[in-house]
2 protein chains.
Amino acid sequence: MKAQALHGHLDALLLAVLEQGALHGYAIIEALRARSEGTLDLPTGTIYPALRRLERAGHVASTWSTVNGRERRTYQLTDSGQRALAGERAGWQDFQLTVGRFLDPGSPPTTPA
Amino acid sequence: MKAQALHGHLDALLLAVLEQGALHGYAIIEALRARSEGTLDLPTGTIYPALRRLERAGHVASTWSTVNGRERRTYQLTDSGQRALAGERAGWQDFQLTVGRFLDPGSPPTTPA
DNA sequence: CTTCATGCGTAGCTACGCTACTTGTCGAAC
DNA sequence: GTTCGACAAGTAGCGTAGCTACGCATGAAG
């Protein structure tokens, strides 16, 4: 899949992954890959800046911890993030419906009665 | 709807609109608006460069004509464009499925058996 | 000791949609 | 008769945001 098609939907995906529990950056990448059955294999240069964006926006909060001598930054959804996710979900439904009108098979060319 | 979410899907929409018949730029904008029930109201600065992109790629062909003293550039889908549209449709299905796994309501957090 | 997986991060590039603008005809309003 | 809005095309420059390609560090595997 063309990953750049994600444009504008990545934040929503990240929030959705974190909804199920706090994770650190690397684990988020793996979670995305796993849940999408390998389709979404995002580079760190995409995820880390996105997480910092979300943190600046107050949608996630991060805490550092050391595991096996490795520093981990674990992110968890905030209340604001939860609300944002709800909004993103609604937005996704809209988007899906609108674009689907043009691209879904069997979508009516001229909406019939 | 946040229009910038279109990122990467606009070409597909344009091809889909032209699939039903040749149109000129201004009419394409109106067709998008009509078929999306007002949701997609794209500015000319978005559509015209996109059409030129598609023409450079060989997916559409344009012909000039004069109607009521006004110059019109009418675009129509080429064979290549038709194939591209089919590909875009497949890509959209993929995309929809993948993102839907995270954002559709009732999408299973841990894909059950 | 070198390679690979884990783990974080940034700099710079590029794609692409958007804002704001220009040019021009035509019909309607004033 | 001039101005204003719909039609019709187009460009320049901007901002967003994902991607490529790096750099740094640890621990296990070979």
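The values are calculated or read from the model by the stated rules, or taken from the named source; none is laboratory data. Note that this is a predicted model, so its numbers are computed, not measured. Because the Cβ atoms are built from the backbone with ideal geometry, glycine has one as well, and the counts that use them run over all protein chains shown. Accessible surface is based on the protein model in full, side chains and every heavy atom, while ligands, DNA and RNA are left aside. Shrake-Rupley method; radii C 1.70, N 1.55, O 1.52, S 1.80 Å.
Across the identical copies, the label point of B:ARG72 (7 Å from Cα in the Cβ direction) is separated from its matches by 6.3 nm, in order from shortest.
Would you work out what percent of the accessible area of the protein assembly as shown, with all protein chains in place, is carbon or sulfur (probe 1.4 Å)?
Values: 6170 of 12120 Å².
Of the solvent-accessible surface of the protein assembly as shown, carbon and sulfur hold 51 percent.
With point charges of +1 on the Cβ of Lys and Arg and -1 on the Cβ of Asp and Glu, referenced to the Cα centre of chain B, which listed residue (B:THR66, B:THR39, B:GLN96) lies farthest in the positive direction of the dipole? The Cα lying farthest towards the positive end belongs to B:THR66.
Quick one: dipole size for chain A, taken about the Cα centre, charges +1 on Lys/Arg Cβ and -1 on Asp/Glu Cβ, in debye to the nearest 20.
Dipole of chain A, to the nearest 20 debye: 240 debye.
In segment A:3-92, a dipole from Cβ-located charges (positive for Lys and Arg, negative for Asp and Glu) runs towards its positive end, and of A:PRO49, A:ALA22, A:LEU85 it is A:PRO49 whose Cα lies farthest in that direction. Largest mean-square fluctuation among A:ALA22, A:ALA34, A:ALA86, in a Gaussian network model of chain A whose springs join Cα atoms under 10 Å apart, belongs to A:ALA34.
Taking chain B as a Gaussian network of alpha-carbon nodes connected by springs under 10 Å, the highest mean-square fluctuation of the residues B:ARG72, B:ARG35, B:ARG53 belongs to B:ARG35. Sorted from closest to farthest, the other copies place their B:HIS7 label points 0.7 nm away, with each point set 7 Å from Cα along Cα→Cβ.
The calculated FRET efficiency for the pair A:TYR26 and B:SER65, based on their C-beta separation and a Förster distance of 41 Å, comes to about 0.10.
Chain B comes nearest to the axis taking it onto chain A at the Cβ of one residue; that residue and its distance, in whole Å, are B:HIS7, 2. In sequence order, segment A:76-84 has phi-based couplings of 9, 5, 9, 4, 4, x, 4, 5, 4 Hz under the Karplus curve 6.51 cos²θ - 1.76 cosθ + 1.60, θ = phi - 60°, and Gly or Pro positions carry x.
Based on DSSP H segments of at least four residues, each scored -39500 (n - 2.57), chain A has a per-residue ellipticity at 222 nm of -17000 deg cm²/dmol. Label-to-label distances for A:ARG33 across copies, nearest first, come out at 4.6 nm, using points 7 Å from Cα in the beta-carbon direction.
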